[in-house]
1. Using a cut-off of 12 Å between beta-carbons, work out the net charge of the residues near GLU89 (Lys and Arg +1, Asp and Glu -1, GLU89 not included).
2. Take the solvent-accessible surface of the protein heavy atoms, probe 1.4 Å, and return the percent of it on the stretch 258-350 that carbon and sulfur atoms account for.
3. Need one word for the stretch 449-488: rounded, prolate or oblate. Basis is the Cα gyration tensor (sqrt eigenvalues a ≥ b ≥ c); a/c below 1.5 gives rounded, then a/b vs b/c decides.
4. For a test of the definition: using alpha carbon positions, the gyration tensor, and the 1.5 limit on a/c, classify the stretch 82-166 as rounded, prolate or oblate.
5. Can you give me the % of accessible surface on the stretch 65-150 that is carbon or sulfur? Probe 1.4 Å, all protein chains present, nothing else counted.
6. Of the listed pairs LYS435/LYS522; LYS203/LYS455; LYS522/LYS602; LYS258/LYS522, which have alpha-carbon separations greater than 29 Å here?
7. Specify the inter-centroid distance of the stretch 303-330 and the stretch 558-614, based on alpha-carbon positions, in whole Å.
8. Which is farthest toward the positive dipole end of the stretch 272-349 among VAL319, GLY347, THR273, measuring Cα position about the Cα centre, with Cβ charges +1 (Lys, Arg) and -1 (Asp, Glu)?
Amino acid sequence: MNSHRMIQIGAVAIALIALIATALFVVPFVRLERKRLNLGASQAASESVKPDVAFASSMLGPLKGFMVNALWYRVEELKQQGKFAEINELSRMITTLQPRFPEVWRFHAWNMAYNVSVQTFTPQERWDWVNKGIRLLREEGIPANPTAVKLYRELSWIFFHKFGQYSDDAHWYYKVELCREWQEILGVPAEGRDTAGAIAEFKKVVDAPDTLSDLIAQYPLVRTLLDEQIAPADYQIESGVGDGPKKERERLLRSIGKVLMYNFTARIEELPTELRPLPPYDEKLLPMLRKPANRPAVAALLNHLRKRVLIENYHMDPVVMLEIMNKYGPVDFRCSASHSLYWSHMGVKMMKDWFNNQDFDRINTMRSTIHSLQDLTDSGRLLFFPDVGKVDTMPDTRFIPAYEKALEDAEKTLSEAEHGDNKPYQAGHENFLLKAFVLYYQSGDMEQARKYREKAKKEYSQLEHNVRTGRYQLSMDDHFTIELLSLIENNESLRAFVYAMSQRAFSAIAINDMKAATQTMKLARDVYDAYMKNVDKTSITEQDRMAMAPGALFNNNFIEILRQPSLIEFRARLWQYAPLSLRQAAWDAVNVRLKTDAEAAKLNPDVVFPEPEGMAAYRAANPTKVPAAPVAPTTGQGTGPLR
């Protein structure tokens, strides 16, 4: 072998060694980068790959890139032409070809929820397209990419912004439909209960048996109900192929949920034996539900169905949902902010176990959690009227401690980040403390109101704007009144404020929260008195003064609500819990209307709207009293929910 050949062999050997060394050096970095970009698949995600996805990815080979580019171009073209059905099909094809690329799922979900939805013409169409975007992420994108934090963040944002905020004209429609869907699924575990009671109610779902056989072993009557009542009613939850049983379980759950919802109860044990004969019911199920002896078994079946449907249909973990309740408070999943909180919480959990933990993703996911808790604090208590499709929202002070903790955690994380800037969180801290002060004061919890005011005073009273106004030097009552008076500019805005407070008080009465109702009425009177002390006496007539008085507006608004023909469920609750004096003052003005409306709704008026006690004595003591005509403010009213 000559020297040239030896040199060639040596060069090749050196090249091979260098190539192998380079690979050994580079491959770990490539793997880390794939992890950072979420381009790798976990074992669980790999096992969940659908056959059509695996087939398409393997068969197209190098042509897949050209096919994807063509489909993306076509989607944009169809969007401009308004051909939405085709967009849905093409988006599904793109995600089939690129299942491990999170940005594909994120873009198409966002495109459906935001771009396509607003180009439709009815609220129902918008709701359908927003839901398509949500389902794309929740049911396909996240299961295929369980470590892609940006997908959790995107899903959290859609729930928070599209449903919870006000930029979309159809936002009230979204709120109502989400509330209807989740009341059928979960009932109302948080309504009428304290935090511990709400958590205990949901824990029944977490602890429910995983399989029907385990359930039947605990409740043998379930076997009889399945064979004699449920299967003959055409609910095949035990047989079928593919997703059939899964869909049947949800259909059965929501059918029973409708019966509970339209009979004003959250628990099967409290269902009246005489049900309201409304068209949404599945009549075949009613004999099973009417029989009190069946109810323990039906309640156990409901919790089993709820657990299975959450896991299989909604891809939500009941254990994590309970974890969120224990950590943050009694979240009501009829509220969009609860879903936003769930998915941001899941994103944070993913970040703890995955390499993709960049400051940008961490900070934005934390921001989603903070926004969700803020929304739950401002409007986390719901009063839903399924008969007429209305939902009312009220503040919920139970989320204030969790909101504060999330703010503090975010500030700490930003301070520790390499390029963190915690000024945005510090700037809003005083506003949060004062909001907590106002909300606790409104709800009547003076101890907590004092605590948050003192904290704000300690940290921020020395700032220039606070020294100038001197608000922290006032008494707590005066400080609270000043905070509210700053929002009231004239007689009309005062009247609108008192009217809004009466609406809020009646909403509290309807859920039997008399403490909040009493405090809200007191608040309206205090602000009214404070305003009248400072108003120019010559600028307001005695008639206007009386018309704006809280007592007059409360009575007139009570009568006005009771005369509204559509709010039969709300009126029944309001009448049940309203103070006797209010009911006595309104009875002669509303009793005929209440009787007529109750009979039209197939309700017994003597049961839902009984005559107040002592009416004869009341009439004798007020012989010249004429029922007041309804009075409404000229500002502050709209077509939104009751306030």
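The values are calculated or read from the model by the stated rules, or taken from the named source; none is laboratory data. Since this is a predicted model, take the numbers as computed values, not measurements. We place every Cβ from the backbone using ideal geometry, glycine too, and count neighbours over all the protein chains shown. For the accessible areas, the whole protein counts, side chains as well, though only heavy atoms, and no ligand, DNA or RNA atoms are used. Shrake-Rupley method; radii C 1.70, N 1.55, O 1.52, S 1.80 Å.
1. Values: positive: ARG74, LYS83, ARG92, LYS132; negative: GLU86.
Within the 12 Å Cβ shell, the charges total +3.
2. Working: 1710 of 3110 Å².
For the stretch 258-350, the apolar C and S fraction of the accessible surface comes to 55 percent.
3. Details: a/c = 2.09, a/b = 1.18, b/c = 1.76.
Oblate is the answer for the stretch 449-488, as a/c is 1.5 or above yet b/c matches or exceeds a/b.
4. Verdict is oblate for the stretch 82-166.
5. Values: 2150 of 3700 Å².
C and S fraction of accessible area: 58 percent.
6. Details: LYS435/LYS522 19 Å; LYS203/LYS455 35 Å; LYS522/LYS602 37 Å; LYS258/LYS522 37 Å.
Beyond 29 Å between Cα atoms: LYS203/LYS455; LYS522/LYS602; LYS258/LYS522.
7. Going from one Cα centre to the other spans 38 Å.
8. Checking the options against the dipole of the stretch 272-349, the answer is THR273.
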